[in-house]
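Structure, as structure tokens:
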Amino acid sequence: MNEYSNEAELYTMIRKCAHFLNNGYKLGQKRVIITIYHHQPITQSKLLEVLQVQAGSLSEMLKKLENEGWIIRTNDPEDKRNLHINLTPQGEKMAQEFITLRQEMIDSIFEGFSDEEKKQLHTLLQKLISNWNKHQDENA
């Protein structure tokens with residue numbers, strides 16, 4: 001049996017961190033916009049590969065972003081099956097705002113952490129993710 005008996009409290013703390021990170025704009029929107037920003041022009045199939053999400057979810061998200069005026073999809077002149085996705089000027093502005101907000105959040109949540117503490121946290125989170133992935137694989 002483990003000596004440390006507060007795993008449930010740790011789990012609650014992790015959930016609170018996840019909730020904190022998901023506040024504001026929908027995480028999916030931010031992630032898609034920032035990914036397009038860094039890879040444009042990008043095809044929908046390449047975006048799907050980079051984001052590792054369901055095709056239907058991505059199509060729905062892209063439709064919403066297009067309706068918001070943040071992206072534009074154009075046919076690839078060499079292969080009509082491919083769509084190129086680019087940010088509009090409004091989308092570029094949103095991407096830059098998201099990137100700035102993300103950096104401000106990073107600076108804020110790691111304020112007061114030493115480099116050694118950040119390394120320790122990194123190692124512990126890698127273990128946590130590895131355990132979670134093993135659990136997911138076992139239940140697949």
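The values are calculated or read from the model by the stated rules, or taken from the named source; none is laboratory data. Quick caveat: nothing in here was measured; it's all calculated off a predicted structure. Counting neighbours? That spans all protein chains shown, and the Cβs are built from the backbone with ideal geometry, glycine included.
Taking residues in segment 108-134 that are under 18 Å from A18 (Cα atoms) and in a loop (DSSP other than H, G, I, E, B), and partners anywhere that are among the aliphatic types (A, V, I, L, M) and modelled with pLDDT under 95, the pairs with Cβ atoms closer than 9 Å and at least 6 places apart or on different chains are F110/L121.
The set of residues in segment 27-64 being in contact (Cβ under 8 Å) with a residue 40 or more places away in the chain and either hydrophobic (A, V, I, L, M, F, W, C) or assigned to a helix (DSSP H, G or I) (or both) consists of K30, I33, I34, I36, Y37, I42, Q44.
Conditions (1) modelled with pLDDT under 95; (2) over 17 Å from the mean Cα position of the chain (by Cα); (3) not in a strand (DSSP E or B), marked per residue:
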| position | (1), (2), (3) |
| --- | --- |
| A8 | yes, yes, yes |
| T12 | yes, yes, yes |
| A95 | no, no, yes |
| F98 | yes, no, yes |
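Looking at segment 101-108, is at least one residue surrounded by 12 or more Cβ atoms within 10 Å (Cβ to Cβ), under 20 Å from the mean Cα position of the chain (by Cα), modelled with pLDDT of 90 or more and hydrophobic (A, V, I, L, M, F, W, C)? Taking every residue of segment 101-108 in turn, none turns out to be surrounded by 12 or more Cβ atoms within 10 Å (Cβ to Cβ), under 20 Å from the mean Cα position of the chain (by Cα), modelled with pLDDT of 90 or more and hydrophobic (A, V, I, L, M, F, W, C).
How many residues are under 18 Å from Q96 (Cβ atoms), aliphatic (A, V, I, L, M) and modelled with pLDDT of 85 or more if we restrict to segment 21-77? Matching residues across segment 21-77 total 8.
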